[in-house]
1. State, to one decimal in nm, how far the label point of Met20 lies from the label point of Phe116, with both points 7 Å from Cα in the Cβ direction.
2. Just need the Rg to Rh number for region 10-58, please, alpha carbons only, Kirkwood Rh.
3. How large is the Kirkwood hydrodynamic radius of the chain, in angstrom, based on all distinct alpha carbon pairs?
4. Kindly work out what percent of the DSSP beta bridges joining two residues of region 1-158 are antiparallel, to the nearest 5.
5. How many percent of Cα pairs in region 95-135 exceed 13 Å?
6. Using alpha carbons only, how many angstrom separate the centre of region 56-77 from the centre of region 99-170?
7. Taking the Cα centre of the chain as origin, work out the dipole magnitude from +1 charges on Lys and Arg Cβ and -1 charges on Asp and Glu Cβ, in debye rounded to 20.
8. Could you do me a favour and compute the accessible area per residue for the chain, 1.4 Å probe, result in Å²?
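The values are calculated or read from the model by the stated rules, or taken from the named source; none is laboratory data. The shown structure was predicted, so the numbers you read here are calculated from the model rather than taken from an experiment. Cβ placement follows ideal geometry from the backbone for every residue including glycine, while neighbour counts extend to all protein chains displayed. Side chains are part of the model used for accessible areas, which takes the heavy atoms of the whole protein and leaves out ligands, DNA and RNA. Shrake-Rupley method; radii C 1.70, N 1.55, O 1.52, S 1.80 Å.
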Amino acid sequence: LQETKCTIGEDIDLPGNYRMVILDQMNCRHGGVGFIISPRMRDYVTHIVRFSDRVCYLDFNIPLKGGGSRKLRVVNCYGLTPARAVEQRKGGQRKVKNFYSELNTVCGVPSKWELFVIGDFNGKLGRRTNQDVMDGLSAHMGAYGMGTRNLNGEFLLNFIVNHDLAACNTFFDHPCKH
């Protein structure tokens, strides 16, 4: 969940044994993040952490059939809108850098952990260019991006590359709905 605009956090049991966790907002009413947790995963949640108004994470410890367990972290975020990101007089660039600094911090998990980063980054990666391919970005972004990369997209791409992640929605062709 992103852009909840809820100032008070809630932990609610939903029908079907789903769990909705909305985290507090302390500094603004433009952000807000949370999770809806599947009944299959509820029992494996070990930590729910609100890192900021725009960044939170869940840690899981999932038992394996042959013994042992798999640890994973799901990071959820809500990035600044492009207008806020470039708004110089209110420190927009500083706010974007702070947002990605927060993301970098919460993505610092041991190498044996699985890491998933989800959310609304308010960035546009755009269509992959020939230069992107020559720069070795094919492992990080697929051929199905749309439009032209914006400033938030540049920040997002740097984050993806630095954490050896992939922008999954660019690897699959999907119809334009907007």
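1. A separation of 2.0 nm, rounded to one decimal place.
2. Taking Rh as the inverse mean 1/r over Cα pairs, Rg/Rh reads 1.00.
3. 17.6
4. Details: 24 of 31 bridges.
Approximately 75 percent, going by the DSSP bridge assignments.
5. The proportion of pairs with Cα distances above 13 Å equals 70 percent.
6. Between the Cα centres of region 56-77 and region 99-170 lies a distance of 22 Å.
7. For the chain, the charge dipole is close to 200 debye.
8. Accessible area per residue, the chain: 59 Å².
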